[in-house]
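The values are calculated or read from the model by the stated rules, or taken from the named source; none is laboratory data. Computed from a predicted structure; not experimentally measured. Here the Cβ positions follow ideal geometry from the backbone for every residue, glycine too, while neighbour counts run over all protein chains shown.
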Amino acid sequence: MNDADAAGQIVEVLAPLAVDQTYSYFSPPALRLAPGEHVEIPLGRQSTYGVVWEVRGSADTPGNLKTVISRYARPPLSQKLRDFVDWLARYTLAPRGMALRLATRSAESAEAEPDRLVYRATGARPQRETPTRARVLAAAEGGLVFSKKALSGAAGCSPSVVDALVDDGALEAIKAPASAIADSLTSDYAQSTLETEQEKAASALRSSVALRAYQPFLLEGVTGSGKTEVYFEAVAAALEQGEQALVMMPEIALTSQFLERFAQRFGGRPAEWHSSVADRKRSRIWRGCATGEVKVVVGARSALFLPFANLRLIVVDEEHDGAYKQEDGVCYHARDMAVVRASIEGATLVLSSATPSIESRVNAELGRYAHLRLRARAGARLLPRADAIDMRIEGPGQGRWLAPRLARAIGETIARGEQALLFLNRRGYAPLTLCRSCGHRFRCRQCDAWLVEHRFRRALICHHCGYVEQRPNVCPECDAEETLSPCGPGIERIAEEAAKLFPNARILVLSSDFPGGAERLRRELEEVAKGSFDLIIGTQLVAKGHNFPYLTLVGVVDADLGLGSGDPRASERTFQLLAQVTGRAGRGDKPGAALIQTYHPEHPVMRALLCGDPEDFYAQEISLRERAGLPPFGRLAALIVSGRDAGLAEAHARALVRAAHSLPPTPAYRLAAAGGLPEPDEIAVLGPAEAPIALLRGRFRFRLLIKAPRRANLQGFLRDLLEGGPPARGGVRVQVDVDPQSFL
DNA sequence: AGCACGCCGACT
DNA sequence: GTCGGCGTGCTC
């Protein structure tokens, strides 16, 4: 044994805490740690868990360093995953420890499971035969294997009797084969029949997967064009090579319907990963990903941090969906980070959507993503015919919300025994309640927004902060009775009108604030799919996930809602939502119809919906942003002020504020260099609710999100920053919301 | 994440 | 006089 073998090591360990640094430890000679291994380390006055980030050298004695306590027998984090953690931390400006947490949260207790033992009768008689032993042996008759618990349970004795019988030779213990973590999958279990366009897209993906190099694709295709079948071919290609694939979906889109479809194609279910998977299962899947045993994971955004051994493919389904944004703790956009992970892993990336986000479209047009398009619906299905109802011309009378033409169409649909859906993205009965006698309007005490009347709950509710108060019968300002008057429609009010118009119809109202929770919702959606209702009235939760096979008519009640919100993505979001809802209409070879009630039939969003071609919309929207001097994406940066992480964050805050000229290598700087972030001429302190609105009213050049107790202090703090002086106190965290593609 | 240290308001 | 609230800072 030479000196190097006898010496200990100096290792850099990252703990999954709010620290950005790694800490140095001495590792005794016997441990021989490698980067990525999981260790227990002393930290402060207790011990924690950490990951070896780097082995820095050897040493004979600890010197002034503390000593690593032990090694955990978990699969080490690969260099690629560690690089991803570092990248994510640098990009989101989160402490590296917090980024590591995302990757190790389910690693705890991910040790190899101990062999499970089962027992079988050997046929030999035990040396001493007591009545209890006889009962155990009787239970073990027939040559089958049983668990210890099953035998002792059947015999009504303690498990130690089984042990004794093993010692006596009457039973034998056998290693049970480890139960599989996930179903085994077969790449060609059932071949999909693909049409020409699909076939072309699928073969592009298949050959990319075979190349084993980072290659990004935008897979764009109208509802029903068979995007899923196409990316299933890419999954199949990864399986054929014995390698891994990750399919990400927004949590609510991850339905058993989807898993069934997957099983029909691959002969088994993928490993599922989302918030309600039990802890034990989670750590098994975590381990299975690291060992390569788990081949395909279908999961929500957190699946992005699994320790894949050989990841060949990442699919981001519904890539435009806002649910990919993580907004507390480490703030990140899972779709963007999927791009980064794919590039680090050298994997194929597929962003899939019927209505891609603007930034993905722009990336495709710039040639950063290969653009695969499916223009036709698969299986000769036709797109729903969309028609506008111009509310200025053919709107309903006073106090009604459904235009006569829409009401008629619903009646006819129900009469044919088909299903209709009325969509209105507004919960409650009426968005505003005022007093006809004095003009009093109900406002939220916490945040100043209008209170929304909920008639089912007899309450006034703030949709911004959740504040609730009882709906009074008397005006609180002028004491007049019976003068409180609801203005505008909410979904409950539409339900009331529909019940009057169609007294014999089976109507279901679906809104996220109804009691019963997810369980009831799931049951109701299944009933809808079975055709148990004639008319469904719902908010945006009807837009996603489920298929409604009997649905042939979709009516959009207030299509303009959301266009006037001041949100920079208002048009984009409205288009995506309405395209999704109206796309639900139609079944088999019978085209559905969509009727859209709008005051602005000429608006680009409406025009795109009516002609059924999103091309129009994207071209308009991108040129609008160009003319407004906004980059098509990466338009904003968020400054989050909080009490913690002062040192790290302060530097970034300075960099951001002086981004136009300063040189620190932060994403903010690079954004500025790319022309995305002009120098601010004013800094204001806004709450999270106000900031997005103010932003693209053009008042501010970038967004400041403030999380802090006292506003006045922050004002001073930020002014100090702007003038370049030392901030008196407090810390700053900067989050930059841009497309990482431009930084790769 | 824990845990200590420190600085202000209400208690035996 | 202290007990304890949480706001802040540190852990190799």
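Exactly one of (1) in a loop (DSSP other than H, G, I, E, B); (2) of a type outside the set (D, E, K, R); (3) within 12 Å of DNA strand C (Cβ to nearest atom) is unmet by A:Gly97. Its number?
(1)
To keep it simple, each residue is scored yes or no on (1) assigned to a helix (DSSP H, G or I); (2) in the same structural domain as A:Gly612 (by TED's automatic domain parsing); (3) within 16 Å of DNA strand B (Cβ to nearest atom); (4) within 28 Å of A:Thr582 (Cα to Cα).
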{"site": "A:Ile314", "(1), (2), (3), (4)": "no, no, no, no"}
{"site": "A:Gly329", "(1), (2), (3), (4)": "no, no, yes, no"}
{"site": "A:Asp336", "(1), (2), (3), (4)": "yes, no, no, yes"}
{"site": "A:Val339", "(1), (2), (3), (4)": "yes, no, no, no"}
{"site": "A:Ser352", "(1), (2), (3), (4)": "no, no, no, yes"}
{"site": "A:Thr355", "(1), (2), (3), (4)": "no, no, no, yes"}
{"site": "A:Arg368", "(1), (2), (3), (4)": "no, no, no, no"}
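From the list A:Val55, A:Val51, which one is in contact (Cβ under 8 Å) with a residue 12 or more places away in the chain, within 16 Å of DNA strand B (Cβ to nearest atom) and β-branched (Val, Ile, Thr)?
Exactly one residue qualifies, and that residue is A:Val51.
Which residue out of A:Val556, A:Val528, A:Val542 is surrounded by 15 or more Cβ atoms within 10 Å (Cβ to Cβ), over 24 Å from A:Val452 (Cα atoms), touching a Phe, Trp or Tyr at 6+ places or on another chain (Cβ under 8 Å) and not assigned by TED's automatic domain parsing to the domain that holds A:Glu453?
Within the list A:Val556, A:Val528, A:Val542, the selection yields A:Val528.
Scanning region A:44-69 for residues that are of a type in the set (A, V, I, L, M) and assigned to a loop (DSSP other than H, G, I, E, B), which turns out nearest to DNA strand C (Cβ to nearest atom)?
Per the criteria, the residue is A:Leu65.
Select, from A:Gly555, A:Gly562, the only residue that is out of contact with any Pro (no Cβ under 9 Å at 6 or more places or on another chain) and at positive phi.
On the way: A:Gly555 fails: at positive phi.
Exactly one of A:Gly555, A:Gly562 is out of contact with any Pro (no Cβ under 9 Å at 6 or more places or on another chain) and at positive phi, namely A:Gly562.
Step by step: first the residues of region A:4-25, then only those that are more than 8 Å from DNA strand C (Cβ to nearest atom) and among the β-branched types (Val, Ile, Thr), then the one that is surrounded by the most Cβ atoms within 10 Å (Cβ to Cβ). Which residue is that?
A:Val11
So is A:Glu469 acidic (Asp, Glu), in contact with a Pro (Cβ under 7 Å, 6 or more places away or on another chain) and not assigned by TED's automatic domain parsing to the domain that holds A:Gly586 or not?
Answer is no for this residue.
For A:Arg416, all conditions in the list (1) modelled with pLDDT of 95 or more; (2) under 26 Å from A:Leu525 (Cβ atoms) hold save one; what is the number of the exception?
Failed condition: (1).
Against the definition (modelled with pLDDT of 95 or more, in the same structural domain as A:Ala99 (by TED's automatic domain parsing), more than 13 Å from DNA strand C (Cβ to nearest atom) and not aromatic (Phe, Trp, Tyr)), how does A:Ser78 come out, yes or no?
Taking the combined requirement at face value, the residue satisfies it.
For residues that are loosely packed, with under 15 Cβ neighbours inside 10 Å, polar (S, T, N, Q) and more than 30 Å from A:Arg280 (Cα to Cα), tally how many sit in region A:164-202.
Adding up the residues that qualify gives 3.
Please state which one of A:Arg455, A:Arg441, A:Arg445, A:Arg436 is more than 30 Å from the chain's Cα centre (by Cα), outside the structural domain of A:Pro614 (by TED's automatic domain parsing) and within 16 Å of A:Asp513 (Cβ to Cβ).
Residue meeting the stated conditions: A:Arg455.
Just to confirm my filter: which strands (runs of 3 or more DSSP E) fall fully inside region A:420-495 and include at least 2 residues that are buried (at least 16 other Cβ atoms within 10 Å of the Cβ) and touching a helix residue (DSSP H, G or I) at 6+ places or on another chain (Cβ under 9 Å)?
In region A:420-495, A:451-454 are the strands (runs of 3 or more DSSP E) which contain 2 or more residues that are buried (at least 16 other Cβ atoms within 10 Å of the Cβ) and touching a helix residue (DSSP H, G or I) at 6+ places or on another chain (Cβ under 9 Å).
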